[in-house]
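K.L.:
One structure coming up, written as structure tokens, with questions to follow.
The numbers here are math on the coordinates, done by the rules we state, and not lab data. This structure is a prediction, so every number in the text was calculated from the model and none was measured. Cβ sites come from the backbone with ideal geometry, for glycine too, and all protein chains shown count toward neighbours.
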Amino acid sequence: MDLFCQKLPKLELHAHLNGSVSQKTIRKLSELNNKNFNDELSRIDSSVSLKECFKIFDIVHSVTNTTEALFITTCDVINEFNDDNVIYLELRSTPRYVEGKMTKNEYIDTIIKAIEHSKKTTPGITVKLLVSVNRKNGFKDAEENIKLAIEYYKKYPECVVGIDLSGDPTQGDACLNLLKSARDFGLKIAAHCAEVPNEKEVMDILEFKPDRLGHCTNIHPNLSGTLKLFNKLIESKIPVELCLTSNLKCETVPSLSEHQFSYLYQANHPLCLATDDKGVFNTTLSQEYKLAADTFNLTKEDLKKLVRSSVEFAFISQQEKEKLLATIDNKLTIIK
Ligand code: 6MZ
């Protein structure tokens, strides 16, 4: 099954750029900067719980805080997904202003430059960008990022395809009015939802109907008080991005066997598997498929179906979806 999951042509629809940075890249950046990031690396190794993981992002940010480092990071992350047989990747990232080093525009320009570069170096993987809004950073920052997302969507519609609402779920709010303005411009919306219990906000998000939802760990038929939300989610048919290792390591699910994957899967709800932060959680998309197969008794045919159905949730045109599906079907004929 390991080899099968590795060979499977996959789609990654929920990957935070700075959460995806590998230890190898951090080492490379430390050599380039003549700095020792061993402390940072050991803290990443010891990452546990949702609270801890947000501290880890600050550490990663401290090593990707120049356009040079960001370019190298983005190229490496794309390469690593490509090596894992990911053929379609939606990266999401929060534009960052670093005083004296980079503006938010330079931040996005650099990622787009790296994506363009990857078309030559790794032509087998298609990469798109979602501009993230970090809910913790407040209204003004969210407004700025959404304006930037619209600006870059107009300029690079082939590359910038949507907005991601993320950040520490215990802080800030979902800024749905701002997200609506982006949606009116044609951008797709992926929103983190129910990583922690918050019935009112979850209901508001479900009513807003984002194009995809991330996690939804606290929408579970067996959790007290969330059956109403579970039924609402099923009725909505909004695709859910599920990140097994991330949820387990962040302790937002008690165990994999109790993960809501099985309930959504049994209900035939649209879902896809994703890594979330492959660097921070030390995983790969192949491992996530293997984990799902082992935990929920999925066959190779089930995994193939899971990949094929994910195409429908990608933030691309119908024509691009058909092309992607044809590529997948072609590759699937030769793997056993
Ligand atoms: C919510 C998360 C997340 O944007 O700097 N992020 N937000 N829940 C999660 N589950 C564990 N994992 C990552 O990548 C890092 C940022 O992505 C968001 C956080 O805002 C984090 O700071 P970028 O590329």
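K.L.:
Could you give the length gained on full extension between Leu41 and Asn79, defined as 0.36 nm per residue of separation minus the Cα-Cα distance, in nm? Walk me through the numbers before you get to the answer.
P.N.:
On the way: separation 38, 0.36 × 38 = 13.68 nm, distance 2.07 nm.
Answer, rounded to one decimal: 11.6 nm.
K.L.:
Using only the alpha-carbon atoms of the range 74-228, report the extent along each of the three principal axes, biggest first, to the nearest angstrom.
P.N.:
51, 36, 29
K.L.:
Quick check on my link table: of Lys304/Lys331; Lys119/Lys336; Lys51/Lys249; Lys101/Lys278, which ones sit more than 19 Å apart, alpha carbon to alpha carbon? Before the final figure, lay out the partial values.
P.N.:
Numbers: Lys304/Lys331 11 Å; Lys119/Lys336 28 Å; Lys51/Lys249 11 Å; Lys101/Lys278 26 Å.
Pairs exceeding 19 Å: Lys119/Lys336; Lys101/Lys278.
K.L.:
Here's something else I'd like to know. Can you give the alpha-carbon Rg of the range 1-111 over 2.2 N^0.38 Å, where N counts its residues? It would help to have the intermediate numbers written out before the result.
P.N.:
Numbers: Rg = 14.8 Å, N = 111, 2.2 N^0.38 = 13.2 Å.
For the range 1-111, the normalised Cα radius of gyration comes out at 1.12.
K.L.:
Still on this model: Per residue Cα convex hull volume for the chain, in cubic angstrom? Could the numbers behind the result be given before it?
P.N.:
On the way: hull volume 42.5 nm³, N = 336.
That works out to 127 Å³ per residue.
K.L.:
With a 10 Å radius around each residue's Cβ, average the other Cβ atoms per peptide and rank 74-84, 252-262, highest first. Before the final figure, lay out the partial values.
P.N.:
Values: 74-84: 20.8, 252-262: 16.8.
Taking the mean over residues of other Cβ atoms within 10 Å, the ranking is 74-84, 252-262.
K.L.:
State the antiparallel share, in %, of DSSP beta bridges confined to the chain, rounding to the nearest 5. Intermediate results must be reported in sequence, preceding the final value.
P.N.:
Numbers: 1 of 32 bridges.
Once the DSSP bridges in the chain are tallied, antiparallel ones form about 5 percent.
K.L.:
To check my understanding: the extent here is largest minus smallest coordinate of the Cα atoms along each principal axis. What are those three numbers for the range 199-283, in Å, largest first?
P.N.:
Dimensions of the range 199-283 along the principal axes of its Cα atoms: 34, 26, 25 Å.
K.L.:
First measure r as the distance between the Cβ atoms of Cys159 and Asn34, then evaluate 1/(1 + (r/R0)^6) with R0 = 51 Å and state the FRET efficiency to the nearest 0.05. Display every interim value, and only then the final one.
P.N.:
Values: r = 33 Å, r/R0 = 0.65.
Efficiency for this residue pair is about 0.95.
K.L.:
Given 10 Å bins starting at zero, what is the percent of C-alpha pairs of the range 161-220 in each, up to the one with the largest pair distance?
P.N.:
Over the range 161-220, the share of Cα pairs per 10 Å bin runs 24, 60, 17, 0 percent.
K.L.:
Now for a different question. So, in nm, how far is label Arg308 from label Asn222 when the simple model puts each one 7 Å beyond its Cα toward the Cβ?
P.N.:
The modelled label-to-label distance comes out at 3.1 nm.
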